[in-house]
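J.: Please find one structure pasted underneath; my questions will follow.
The numbers here are math on the coordinates, done by the rules we state, and not lab data. Given the structure is predicted, the values throughout are model-derived calculations rather than measurements. Cβ placement follows ideal geometry from the backbone for every residue including glycine, while neighbour counts extend to all protein chains displayed.
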Amino acid sequence: MEIRSLGADMDDATRTAVLAQFTALYEHMGRLGLSTPLVADGASLWLGSVAPMFGRLTFVLVAEEDEQQLGFVAGTIRSTPPHLGSERVGMLTHIHVAGEARGRGLGERLVRSLRAAFADRGVLRMETDALSGNTQAQRFFEKQGFVADHVVYRLDAERS
């Protein structure tokens, strides 16, 4: 199995596979209670927004075996606000492993690979989030060494 970092010059087959994985991730999160669904063509909009910064501030790494994409992880480097030290933090924004590839340690390898990409750019801390109802993801992240820090609450604006 190979894990590789994508560049803006990815071929059409890789692009199609990443878009399918991204869409599958959001379908899964929707079943778990995600309150904001992916918009029509949302996967393409996401990939188009991150691709210009590939290898600098954004990373998409894919796991492949026998020319089949089994999963991906995506992350971005951001800075904390000045009142929190303007620290560069790596944010694991998305991770998905295809159902048939789960249980083989692929998710762990993807997280380690993203962490290494961040470390190569001087980022010393990585963060992520998980849906409150996705206890499987929460356990996975805790197994990787992540520690729960805060909970995000949402409230829709009142409409008149």
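J.: Identify the single condition in (1) touching a residue at least 40 places away in the same chain (Cβ under 8 Å); (2) surrounded by fewer than 18 Cβ atoms within 10 Å (Cβ to Cβ); (3) closer than 24 Å to Val62 by Cβ that Leu114 does not satisfy, given that it satisfies every other one.
T.: Of (1) touching a residue at least 40 places away in the same chain (Cβ under 8 Å); (2) surrounded by fewer than 18 Cβ atoms within 10 Å (Cβ to Cβ); (3) closer than 24 Å to Val62 by Cβ, only one is false for Leu114: (2).
J.: I need the full set of residues from the stretch 5-24 which are surrounded by fewer than 13 Cβ atoms within 10 Å (Cβ to Cβ) and closer than 13 Å to Leu61 by Cα, in order please.
T.: Gly7, Ala8
J.: Related question: Could you list, in sequence order, all residues of the stretch 35-51 that are out of contact with any Lys or Arg (no Cβ under 8 Å at 6 or more places or on another chain) and within 22 Å of Met126 (Cβ to Cβ)?
T.: The answer is Trp46, Ser49, Val50, Ala51.
J.: Considering only residues of the stretch 99-120 that are of a type outside the set (Phe, Trp, Tyr) and in contact with a Gly (Cβ under 8 Å, 6 or more places away or on another chain), which is farthest from Arg4 (Cα to Cα)? If you could, list the steps in order and put the result at the bottom.
T.: Initially, the stretch 99-120 is screened for residues of a type outside the set (Phe, Trp, Tyr), giving 99-117, 119-120.
Checking the rest, the ones that are also in contact with a Gly (Cβ under 8 Å, 6 or more places away or on another chain) come to 101, 106-107, 110, 114-115, 117.
Numbers: Ala101: 17, Leu106: 13, Gly107: 14, Leu110: 10, Leu114: 10, Arg115: 13, Ala117: 11 Å.
Checked the stretch 99-120; the qualifying residue farthest from Arg4 (Cα to Cα) is Ala101.
J.: If you don't mind, there's one more thing I want to ask. I'd like the full set of residues that are among the polar types (S, T, N, Q), over 19 Å from Ala116 (Cβ atoms) and surrounded by 13 or more Cβ atoms within 10 Å (Cβ to Cβ), limited to the stretch 25-72.
T.: As a first pass, look at the stretch 25-72 and keep what is among the polar types (S, T, N, Q): 35-36, 44, 49, 58, 68-69.
Narrowing further to those that are over 19 Å from Ala116 (Cβ atoms): 35-36, 44, 49, 68-69.
If the condition is that a residue be among the polar types (S, T, N, Q), over 19 Å from Ala116 (Cβ atoms) and surrounded by 13 or more Cβ atoms within 10 Å (Cβ to Cβ), then Ser44, Gln69 are the ones that fit.
Residues are listed down the side, and each one gets a yes or a no for (1) touching a helix residue (DSSP H, G or I) at 6+ places or on another chain (Cβ under 9 Å); (2) surrounded by 12 or more Cβ atoms within 10 Å (Cβ to Cβ); (3) among the hydrophobic types (A, V, I, L, M, F, W, C):
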| residue | (1), (2), (3) |
| --- | --- |
| Thr76 | yes, yes, no |
| Ser79 | no, no, no |
| Glu87 | no, yes, no |
| Asp120 | no, no, no |
| Thr135 | no, no, no |
| Phe140 | yes, yes, yes |
| Ala148 | yes, no, yes |
| Arg154 | no, no, no |
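J.: Here is a follow-up. Thr23 fails exactly one of the following numbered conditions: (1) farther than 25 Å from Tyr153 by Cα; (2) without any contact (Cβ under 8 Å) to a residue 60 or more places away in the chain. What is the number of that condition?
T.: Of (1) farther than 25 Å from Tyr153 by Cα; (2) without any contact (Cβ under 8 Å) to a residue 60 or more places away in the chain, only one is false for Thr23: (1).
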